[in-house]
1. Output the number of the condition that A:Met315 fails; it satisfies all remaining conditions of (1) within 13 Å of chain B (Cβ to nearest Cβ); (2) outside any loop (DSSP other than H, G, I, E, B); (3) at pLDDT 90 or above.
2. Has segment A:109-123 got any residue that is farther than 16 Å from A:Met53 by Cα and touching a helix residue (DSSP H, G or I) at 6+ places or on another chain (Cβ under 8 Å)?
3. The conditions are (1) surrounded by fewer than 20 Cβ atoms within 10 Å (Cβ to Cβ); (2) over 21 Å from B:Leu120 (Cα atoms); (3) of a type outside the set (S, T, N, Q), and B:Arg91 fails exactly one of them. Which is it?
4. Mind listing whichever residues of segment A:218-235 are part of a helix (DSSP H, G or I) and closer than 15 Å to A:Val134 by Cα?
5. Can you tell me how many residues in segment B:29-63 are among the polar types (S, T, N, Q) and within 17 Å of A:Leu225 (Cβ to Cβ)?
6. Among strands (runs of 3 or more DSSP E) lying entirely in segment A:110-217, which contain 2 or more residues that are within 14 Å of chain B (Cβ to nearest Cβ) and among the acidic types (Asp, Glu)?
7. Could you check A:Leu349 against (1) within 14 Å of chain B (Cβ to nearest Cβ); (2) modelled with pLDDT of 90 or more; (3) in a helix (DSSP H, G or I) and say which number it fails?
8. On the basis of being of a type in the set (Ser, Thr, Tyr) and touching a strand residue (DSSP E or B) at 6+ places or on another chain (Cβ under 6 Å), does B:Tyr121 make the cut?
Amino acid sequence: MNQELFIAMLIETLTMVPVVVLLASIPYLTRRTESFGVSIPKEVYADEELVQMRKQFVRRFAGGSAVLLVAGLLLMTWLARRVPVGEGLQGAMLTALPLLVLALHFGLYLHYHFRMKRLKAERQWQTGYVEKVVVDTRFREQPLRYSNFWLLPSIFVMLLTVGMTVIFWDRIPEKVPMQYNFSGQVTNWADKSWGTMSLFPLFQLGIICLMGFVNWTIGLAKQQLDPDDPETSRSRNVIFRRRWSAFLIWNTLLITLLFFYAQLTFIVAVPGFVTAIISSLFAAVVLVWTLALSFRTGQGGSRVRVKAQDGERLMNRDDDRYWKLGQFYFNPDDPALFLEKRFGIGFTLNFARPAAWLFLLLILGLPLGILMVSLLIG
Amino acid sequence: MFIELDLQSDVPIYTQLVNGILEGIARGELKPGDELPSVRMLATDLGINMHTVNKAYQLLKQEGFIQTHRKRGAVVNTEGFPGADEAYLQRLEAMLKPLVAESICRRLDEERFLEVCRALYAQFRGQGGE
């Protein structure tokens, strides 16, 4: 058991590494018109002080995370020798570490966010710039995302999972393993029933619906062009959306396949190490893909190489006042529901719109709903 | 076609929108029958109130530059644009008057003033040929 906890921590530490890399790089992945959640003219992005701030952020966050992870591992080794650690504590520790890393990230972000705000007030970068908003009236006439019909293969895998379960029902043992530990031993068993057997197909269905919905919002999200160079930023924005849409669709297929495999292990006995290898491989593929996509594309396509043009002195609309803490968009006058995150990759919500809260509830409620349905069937 | 808004300008946003669309038509980037974005979508992308976009579309419709269809939304008028009638000429004169006055005060001669107008005409027409 203690050995077990140490191995779990080690694996978690390893998977945390790419996550830390991604989080540390965010100042370099955002649009050039933003720095730590404060809008700036893009020429200022190269300012020596800002360059130093970004470097400092990376150093401090990477260093802090390393200390947290190593301290966690050391604590585990020490505990493993001395005290018997129960399941509950084990789970708590596995959850605490990522949460601590995220807290560190947000704390450091806030520090630099407020520093940026003071700097902006001091230096008055906006003077001499004209704030503009530019839109392309034909923006939505081109395909911005891949069609949700591409989710059909995932739906097919889900149906296959259901079909397989029904056909080979008799081969499923009376007690099925629901949870494994890291050495491949079963830690949680469940009785065979329609309820337990419908859990994975329901998860598949939930993921497909969620990804289809998120993919739909990619086409809907606000058009955010750089007024200084609308042509380039339009091309970048379209590439950004299409790549993430493709990522969503492929990942839905991967996840449904993983659940197909999980259901298969109920019918066919598979050695524990095979399962361990397959799930690690899955995690590795998703993590590497996310990293590669984030670095190659950047927020809003800011890292996509497109032939740049010389522009006038124009800057984005300064909407700092609508970004609470630089991260949460709250603008009752903006009809947009989905828009690009400021400090991060992907989209966020306009929290001044009631629909945004509904959307959040929906996403949070999905796993709960699945469990409820599974209990009802059982 | 790009529409650009200056949010610090004294010119109201709906007027800037009307002007942006008229310039698009003048340049030939918007042709009769071309669809304009829906009120909701344009307001979302610009981050402005839907009423503002609606007001601009209503004004353009009143003037006869766009039509609104139940299905296709706002479309550039296919039945020909209104001509420069007496009412328009009167409005044009009224709008030019302060500009001519200021030009005279700044000792800009008539020929230079007309040159600027010609250059603008050429600019719109030149790009329309593409």
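1. The number of the failed condition is (3).
2. no
3. If we test B:Arg91 against (1) surrounded by fewer than 20 Cβ atoms within 10 Å (Cβ to Cβ); (2) over 21 Å from B:Leu120 (Cα atoms); (3) of a type outside the set (S, T, N, Q), just (2) comes out false.
4. From segment A:218-235, those part of a helix (DSSP H, G or I) are A:218-220, A:230-235; that's our starting set.
Within segment A:218-235, A:Pro230, A:Glu231, A:Thr232, A:Ser233, A:Arg234, A:Ser235 qualify.
5. Filtering segment B:29-63 for residues among the polar types (S, T, N, Q) gives B:38, B:44, B:49, B:52, B:54, B:58, B:62.
Subsequent filtering for residues that are within 17 Å of A:Leu225 (Cβ to Cβ) retains B:44.
Residues meeting the conditions: 1.
6. A:130-136
7. Checking A:Leu349 against (1) within 14 Å of chain B (Cβ to nearest Cβ); (2) modelled with pLDDT of 90 or more; (3) in a helix (DSSP H, G or I), the one that fails is (3).
8. No.
The values are calculated or read from the model by the stated rules, or taken from the named source; none is laboratory data. Source: prediction; values computed, not measured. Glycine also receives a Cβ, built like all others from the backbone with ideal geometry; neighbour counts cover every protein chain displayed.
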